Amino acid sequence: MKKNKILEDGLLEKYLLDELSDNERLLVEDAIHKDSDLRAEFDVLEANFEKMAFENAIAPNAHVKGELQKRIGSPGPTERNRWPLMAAASLALLFLLTTFWMFNKWQAANDQLNLIESQTLSLQERLGVLEENYELTNNRLQLINSPNTIPLILRGNEKVPNSRAVAYVNHQNKLVVVNPQGLPNLPDNQTYQMWSDVDGEMIDMGLLPNDKELVTLKYIDRAESLNITIEPAGGNDHPTVERLISYVTL
Amino acid sequence: MDDSQIVHRVLQKDPTALYLLYDKYSGALLGVILRMCRNRFQAEDLLQETFVKIWENIGSYDSTKGRFYTWAYRIAKNTTLNALRKPDLLIQTDELSVHNNKAQSEPEQDFAELNGALQKLEPHHQEAISLVYFRGYTHREAYKEMGVPLGTFKSYVRQALSLLRENYSEQLVILWFTIELLA
């Protein structure tokens, strides 16, 4: 459409006022877009139109804005801004669930670890006991098998006939071990006790409970004989010679 | 903040930005709506309707084709013309009948009166501009309303716009001169 026709027919004004048919509007828009003079003309027209409108403005009552705000809503998260919020909330939820799952896993693992720790501790204790037992047994075996060890049989006298204990004495290592299992059982308030005779004096070597396989006793230098008496439970300071049940000369 | 930034925020559905546009343009738009319908209650309702449409249809506004006010003016004019075409329906709804009665008993303020540069124009120029810019008449309706031939009416509008243009340019020159003097 020619510029002069647009200007002379007042098409710019009609375009501004939205009075043109769709076809005319497209033509005028195209002309404004292509022709900078027309564009400048339209800019001035629009600017003056707006000035006129402001000069003839009438302020609305305050409640109109209030009503509008009720219809549109108050400022807050907008539709578009809600997406990041929802994404963040989803992530937070996911994080929470993962944390909860991890916490449960951790608790289960912790319980298992505690169980294994206590089992290990118990096994260590048992191993300790076994090692101790093994050492003891090994020592005793070595002692018994040693060529320097003298096995001595202490037969029971008339007080305890058919009974016997076996003593293993090693003068080189200064060790005495006795197997008392051949001695008859005593009431709870009595026990067997062993003594060494040194120059006529009886020296305590220790108690001899007959429920044990081997009992290690004190080695006494220059002992001439080994003696077993029956004493009150817990042992005695001096031997009760009346209740001597066995002896053997070294 | 200029209009394009505000419009961009309205596009992102930020109500605060819409209220900024309302604060700036509601008076100018009500000036048009009220001169068309001549009932303040109805005009304010239509102003609110106009801004709801602006909010809902901001996506169709193209700043390369013109100013925001021009676009908003077209919405306001069309909304008002549509409402005036079905006055019976409006009167029957809500409390409008009450207000219509009130309007009949109390003389309505004469909103037809024009201010600013328009006041300096001859009465026939004033009326021509008023009919097409402020009262929603098309050129084809307006010339009949004025009782002059269409060609005459068109030349009235063109003369009036030319005079307004001179007037606003003079204002700019005076403003420039004043600034120069102060400097």
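The values are calculated or read from the model by the stated rules, or taken from the named source; none is laboratory data. Just so it is clear, the structure is predicted and the values come from calculations on it, not from any experiment. Cβ placement follows ideal geometry from the backbone for every residue including glycine, while neighbour counts extend to all protein chains displayed.
So that you can scan it fast, the table gives a plain yes or no per residue for (1) at the interface with chain A (Cβ under 10 Å from one of its Cβ atoms); (2) touching a strand residue (DSSP E or B) at 6+ places or on another chain (Cβ under 9 Å); (3) surrounded by 20 or more Cβ atoms within 10 Å (Cβ to Cβ); (4) within 18 Å of residue A:17 (Cα to Cα):
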| site | (1), (2), (3), (4) |
| --- | --- |
| B:114 | yes, no, yes, no |
| B:120 | no, no, no, no |
| B:131 | no, no, yes, yes |
| B:136 | yes, no, yes, yes |
| B:147 | no, no, no, no |
| B:156 | no, no, yes, yes |
| B:169 | yes, no, no, no |
| B:176 | no, no, no, no |
| B:180 | no, no, no, no |
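Only one of the numbered conditions (1) at the interface with chain B (Cβ under 7 Å from one of its Cβ atoms); (2) more than 30 Å from residue B:41 (Cβ to Cβ); (3) free of Cβ contacts under 8 Å to residues at least 24 places away in the same chain is violated by residue A:18, and that is (2).
At least 3 residues being in contact with a helix residue (DSSP H, G or I) (Cβ under 7 Å, 6 or more places away or on another chain), basic (Lys, Arg) and at pLDDT 75 or above is the threshold, and among the helices (runs of 4 or more DSSP H) wholly inside the stretch B:87-183 not one reaches it.
Filtered by the rule that a residue be of a type in the set (Phe, Trp, Tyr), surrounded by fewer than 23 Cβ atoms within 10 Å (Cβ to Cβ) and either facing another protein chain (nearest Cβ under 8 Å) or over 20 Å from residue B:113 (Cα atoms) (or both), the stretch B:9-60 gives B:19, B:55.
Restricting attention to the stretch B:63-86, the residues being outside any helix (DSSP H, G or I) and farther than 17 Å from residue A:51 by Cα number 1. Return a yes/no flag: does the stretch A:192-199 have any residue that is in a loop (DSSP other than H, G, I, E, B), within 26 Å of residue A:249 (Cβ to Cβ) and not β-branched (Val, Ile, Thr). Yes; the residues of the stretch A:192-199 include at least one that is in a loop (DSSP other than H, G, I, E, B), within 26 Å of residue A:249 (Cβ to Cβ) and not β-branched (Val, Ile, Thr). Anything in the stretch A:30-52 that is within 12 Å of another protein chain (Cβ to nearest Cβ), among the charged types (D, E, K, R), free of Cβ contacts under 8 Å to residues at least 24 places away in the same chain and surrounded by fewer than 17 Cβ atoms within 10 Å (Cβ to Cβ)? List them, or say none. Within the stretch A:30-52, A:39, A:43 qualify.
Is it fair to say residue A:9 is at pLDDT below 90, closer than 25 Å to residue B:35 by Cβ and over 60 Å from the mean Cα position of the chain (by Cα)? No; evaluated as a whole, the condition is false for this residue. I'm trying to understand the selection: among the residues of the stretch A:147-179, which are touching a residue at least 40 places away in the same chain (Cβ under 8 Å) and under 20 Å from residue A:240 (Cα atoms)? Correct list: A:154, A:155, A:156, A:157, A:159, A:160, A:163, A:164, A:165. Being in contact (Cβ under 8 Å) with a residue 24 or more places away in the chain and among the polar types (S, T, N, Q) is the filter here; which residues of the stretch B:3-49 pass it? Listed by number, the residues that qualify are B:4, B:26, B:39, B:42. Annotation note: of A:87, A:59, the sole residue that is in a loop (DSSP other than H, G, I, E, B), farther than 21 Å from residue B:66 by Cβ and either of a type outside the set (Ser, Thr, Tyr) or facing chain B (nearest Cβ under 10 Å) (or both) is A:59. Suppose the filter is under 30 Å from residue A:172 (Cβ atoms) and in a helix (DSSP H, G or I); does residue A:127 pass it? Judged against the criteria, residue A:127 is not a match.
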